[in-house]
């Protein structure tokens with residue numbers, strides 16, 4: 001295949017081949033659906049290729065949606081509907097007595113939402129179709145070729161072999177990614193646990209919690225409620241290891257559950273049972289020329305902590321606004337390099353943390369059990385440690401590196417700040433633009449061009465100016481208050497981040513995107529959801 005050779009077209013001087021669409025996304029799981037919907041809402045042409053038929057499969061493994069993912073869905077107007085149909089857990093219990101206490105999170109969503117992955121996919125597909133994404137199901141990717149001007153993807157359908165050309169391609173096609181194979185990237189790693197059994201069943205006795213999990217010397221089991229009478233069960237029996245293609249049945253699932261949880265809750269009527277293994281793998285690069293990887297195509301890890309789907313969705317949120325900015329001419333192509341710089345370290349950290357959790361859970365020697373018990377006690381009693389852990393697992397604690405001399409807030413997640421006039425930050429982010437946050441009594445000065453950003457005001461007397469990226473991370477901040485110096489810094493930041501000269505305004509009345517008047521609040525929202533706009 002041909003890699004990128006430059007930004008100005010083929011080196012031969014030939015006219016570049018016409019593109020059929022702006023971006024081809026391969027894989028219609030949660031990651032691909034969110035990415036495709038974002039790009040289409042930004043006004044771009046998007047074609048989504050999916051090997052499966054045009055139905056959403058409910059044979060999915062993910063059950064947990066963490067707080068940061070819910071914030072990203074909130075920025076797309078989807079979180080409240082998803083939350084309404086799921087179960088909220090204040091904590092997820094791990095090995096022994098250790099637990100991630102989500103109520104400590106300063107978020108509009110201080111809980112873990114238990115809901116099947118297909119519900120996430122349903123909402124994201126609806127949004128993507130409404131935005132105009134061109135879905136091509138029953139399309140098996142055969143390979144691709146890229147040059148300086150674009151990428152051509154070859155694929156097979158029932159009608160035969162076809163091809164599509166786009167400016168960029170994103171592979172969100174899972175652990176066996178055809179896109180990753182086509183660009184020649186390895187997927188180094190190893191299996192961390194084998195012979196897991198997975199089933200959807202009904203239960204004669206309702207579990208104590210909609211999410212029940214435990215591990216001991218012999219087994220591991222997890223039961224999660226779909227909320228409609230069906231339950232997802234994942235189990236592992238140390239003494240019954242088999243290859244993935246070995247048949248699994250309900251009796252084996254019952255046995256795992258009894259060993260780990262002490263009972264099988266009268267399990268019956270399995271609508272499907274399968275066996276699989278869990279790998280720890282990560283691609284060394286998330287970008288090769290005009291081709292990107294996201295989600296399980298880029299990284300896979302153990303199910304401990306329920307971080308797989310969440311990490312992929314956050315990959316998509318990071319990449320989508322950058323692709324849109326480049327394709328719309330708002331930013332140089334070099335912005336796309338920051339996807340690797342920001343998301344690859346996150347993927348590596350998830351591999352480490354989830355791997356440590358599953359290894360601790362499955363320790364079975366006497367010294368190992370002692371280590372696990374000690375770790376659980378330390379985890380629960382050291383507030384800073386457990387707080388840092390839940391922020392990491394939930395995604396709330398993720399921050400991206402900022403350049404030398406940057407403000408301490410740069411690169412950090414922006415909380416759902418209450419704004420003057422009664423609005424909130426993540427409601428404004430639904431426009432897919434940058435948000436400039438300034439003091440309410442500072443109506444004049446540079447403002448983002450109307451097609452690049454909106455301007456809002458603090459409810460408090462806070463003097464910090466913030467520029468929040470479309471993915472909810474702080475791009476730039478300053479505490480400088482001298483008017484001339486502040487205006488110069490802000491003008492430079494807006495030009496750098498939005499790619500357009502800022503508009504200067506003398507009063508709030510001239511800026512139709514300015515929001516409201518001042519009332520008291522803070523950068524960090526209240527800890528209790530009832531004190532946060534739209535909370536429980």
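Nothing in this text is a laboratory measurement; each read-out follows from the coordinates by a stated rule. From a predicted model like this one, the values you see are computed outputs, not experimental measurements. So basically every Cβ, Gly included, is an ideal-geometry build from the backbone, and we count neighbours across all protein chains shown.
Quick notes on this structure:
- By DSSP, the beta bridges lying fully in the range 46-200 are antiparallel in about 90 percent of cases.
- Rounded, prolate or oblate (a/c below 1.5 giving rounded, otherwise prolate when a/b exceeds b/c) for the range 281-335 by Cα gyration tensor: oblate
- Burial ranking of peptide ranges 152-160, 259-267 (average Cβ count within 10 Å, highest at the top): 259-267, 152-160
- Working ranking of peptides 210-218, 286-294 by packing, defined as the average number of other Cβ atoms within 10 Å per residue, highest first, is 286-294, 210-218.
- From most to least packed by mean Cβ count within 10 Å, the peptides 328-336, 37-45 give 37-45, 328-336.
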